[in-house]
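S.K.: I'd like to ask you about the structure that follows.
The values are calculated or read from the model by the stated rules, or taken from the named source; none is laboratory data. As the structure is a computational prediction, the values presented were derived from the model and not from experiment. Counting neighbours? That spans all protein chains shown, and the Cβs are built from the backbone with ideal geometry, glycine included.
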Amino acid sequence: MGKAVVAVAAVVSLAALGGGAAPPRAEGGACTLAPGALTVDDLPAGSSVLDCEAVGRLVTHAGAGVTVPGPGMKVSVDALTEDGSLHGFTLAVAADGTVSYDDLTDADTDADAASAHAHAHARASVAAAPGRARAACADDAYATAGHKEYDTYEWFLGDGTLPGNLAPDDARRALEDAIGTITASRNDCGFGDTVTAKARFLSRTGNEADIDRDARCMARDGVSVWDAGDLSRGVVATTCSWSRAVSGGPDSLREADVRFNTRDYTFTDHPGEACSNTYDLRSVATHEAGHVFGLAHVGESHESQTMYTNSFACSTTARTLGRGDVLGLRALY
């Protein structure tokens, strides 16, 4: 993408990950890794997943985690948190097996770090004005994750308990509407729909989202599932996206799973005046669908955008897109 389009976070260098240290090497030059979960320092940028036999290993950073994919693949974890703190990163494996990372943040990310993240990614930043209607259509900040759906995103609904204890048909309609907000770039800013993204619901499935209870991306099963269950406390919902490298980019989406945290949070499709500490299902789902189709988080001072790092309890404002959200989709599609 050119300079007029939002910049995706630069790939983190080896020096930034471990003071310039090379990956550990056993005698004879072969890479060796300790058993158990790894950190980004154990498998720094520039390592080879082939030499290190790291494919299928779990790599963690600042409370987030992904399972290392094979060559030519990328995996991203994006968590929507209760306090708006950044929680997630991307691990990419080049065709030759070389590892790189995007979006590494400190474990104790605070508002200042969230703001820095937004400004690092955003094409432009506009301070939030009182009231979503004005701020949402005045703020053109957005961020992209470096992947898109080139064809049609085909997704399944898990066969377990669903957010808001909705009946399956009601949950499907709510999620279809949220995904449709992204594919049709629905907004109150007067933008027409020029976005070519497409999605199609297939059926319910016994497969589960490839996300564990610590909101980490497990090995993908090739089925894009939206479901509900247990996630880390503080994480309202999580999206895991897997994509394959495309020459000239963005990468091509291969699977995206979404899980809502129904152990620690309650959801509703109809928040009313009596709503308290309950999340609007369609607002959260629209945010997660943004991740599926290649949008990333924007941080402090961009609260009016659907892709803000936090979806506010009892608020339905994220059901429609802000100016920056639409511009981000147009940059991709």
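Yes/no matrix, rows are residues, columns are (1) within 17 Å of the chain's Cα centre (by Cα); (2) touching a residue at least 60 places away in the same chain (Cβ under 8 Å); (3) outside the structural domain of Tyr153 (by TED's automatic domain parsing); (4) over 30 Å from Met73 (Cα atoms):
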{"residue": "Asp221", "(1), (2), (3), (4)": "no, no, no, no"}
{"residue": "Gly229", "(1), (2), (3), (4)": "no, yes, no, no"}
{"residue": "Ser243", "(1), (2), (3), (4)": "yes, yes, no, no"}
{"residue": "Leu253", "(1), (2), (3), (4)": "yes, yes, no, no"}
{"residue": "Thr268", "(1), (2), (3), (4)": "no, yes, no, yes"}
{"residue": "Val284", "(1), (2), (3), (4)": "yes, yes, no, no"}
{"residue": "His297", "(1), (2), (3), (4)": "yes, yes, no, no"}
{"residue": "Cys314", "(1), (2), (3), (4)": "no, no, no, yes"}
{"residue": "Arg323", "(1), (2), (3), (4)": "no, yes, no, yes"}
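S.K.: Could you check Gly248 against (1) more than 30 Å from Thr60 (Cβ to Cβ); (2) modelled with pLDDT of 95 or more and say which number it fails?
M.R.: For Gly248, the exception is condition (2).
S.K.: For segment 187-199, which residues satisfy the criterion of being surrounded by 11 or more Cβ atoms within 10 Å (Cβ to Cβ) and either touching a strand residue (DSSP E or B) at 6+ places or on another chain (Cβ under 7 Å) or within 18 Å of Lys148 (Cα to Cα) (or both)?
M.R.: Asn187, Asp193, Val195, Thr196, Ala197, Lys198, Ala199 - these are the residues of segment 187-199 that are surrounded by 11 or more Cβ atoms within 10 Å (Cβ to Cβ) and either touching a strand residue (DSSP E or B) at 6+ places or on another chain (Cβ under 7 Å) or within 18 Å of Lys148 (Cα to Cα) (or both).
S.K.: In segment 58-70, how many residues are surrounded by fewer than 22 Cβ atoms within 10 Å (Cβ to Cβ) and in contact with a Gly (Cβ under 6 Å, 6 or more places away or on another chain)?
M.R.: 1
S.K.: Among the residues of segment 272-280, is there at least one that is free of Cβ contacts under 8 Å to residues at least 40 places away in the same chain and buried (at least 23 other Cβ atoms within 10 Å of the Cβ)?
M.R.: Yes - at least one qualifying residue is present in segment 272-280.
S.K.: Looking for something in a loop (DSSP other than H, G, I, E, B) and either among the β-branched types (Val, Ile, Thr) or more than 30 Å from Ser315 (Cα to Cα) (or both) - is there at least one such residue anywhere in segment 74-91?
M.R.: No, that holds for no residue.
Residues are listed down the side, and each one gets a yes or a no for (1) touching a Leu at 6+ places or on another chain (Cβ under 9 Å); (2) touching a residue at least 60 places away in the same chain (Cβ under 8 Å); (3) surrounded by fewer than 19 Cβ atoms within 10 Å (Cβ to Cβ); (4) not small (Gly, Ala, Ser):
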position	(1), (2), (3), (4)
Thr32	no, no, yes, yes
Ser47	yes, no, no, no
Glu53	yes, no, yes, yes
Gly56	no, yes, yes, no
Gly72	no, yes, yes, no
Thr81	no, yes, no, yes
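S.K.: Do you know which residues across segment 164-195 are in contact (Cβ under 8 Å) with a residue 60 or more places away in the chain, more than 17 Å from Gly324 (Cα to Cα) and not aliphatic (A, V, I, L, M)?
M.R.: Gly164, Asp170, Asp177
S.K.: Of the numbered conditions (1) of a type in the set (Gly, Ala, Ser); (2) outside any helix (DSSP H, G or I); (3) buried (at least 19 other Cβ atoms within 10 Å of the Cβ); (4) in contact with a Lys or Arg (Cβ under 9 Å, 6 or more places away or on another chain), Ser311 fails exactly one; give the number of that condition.
M.R.: Going through the list (1) of a type in the set (Gly, Ala, Ser); (2) outside any helix (DSSP H, G or I); (3) buried (at least 19 other Cβ atoms within 10 Å of the Cβ); (4) in contact with a Lys or Arg (Cβ under 9 Å, 6 or more places away or on another chain), Ser311 breaks only (4).
S.K.: Report whether or not Gly234 is in the same structural domain as Leu281 (by TED's automatic domain parsing), surrounded by fewer than 17 Cβ atoms within 10 Å (Cβ to Cβ) and closer than 29 Å to His302 by Cα.
M.R.: Here the answer is yes, as Gly234 does meet what is asked.
S.K.: Anything in segment 200-221 that is surrounded by fewer than 18 Cβ atoms within 10 Å (Cβ to Cβ) and within 14 Å of Val292 (Cβ to Cβ)? List them, or say none.
M.R.: Matches in segment 200-221: Arg200, Phe201.
S.K.: Pick from Leu327, Leu231: which is at pLDDT 95 or above, among the hydrophobic types (A, V, I, L, M, F, W, C) and more than 29 Å from Gly56 (Cα to Cα)? Explain how you work it out, then say what you get.
M.R.: Working: Leu231 fails: more than 29 Å from Gly56 (Cα to Cα).
Answer to the check: Leu327.
S.K.: Would you mention how many residues in segment 216-256 are of a type in the set (Phe, Trp, Tyr) and over 21 Å from Ser311 (Cα atoms)?
M.R.: Final tally of qualifying residues: 1.
S.K.: Hey, does segment 106-124 have a residue that's modelled with pLDDT of 95 or more and either in a loop (DSSP other than H, G, I, E, B) or small (Gly, Ala, Ser) (or both)?
M.R.: no
S.K.: Looking at this structure, is Gly290 surrounded by 24 or more Cβ atoms within 10 Å (Cβ to Cβ), within 17 Å of the chain's Cα centre (by Cα) and at negative phi? Before the answer, list the steps.
M.R.: Working: surrounded by 24 or more Cβ atoms within 10 Å (Cβ to Cβ): yes; within 17 Å of the chain's Cα centre (by Cα): yes; at negative phi: yes.
Here the answer is yes, as Gly290 does meet what is asked.
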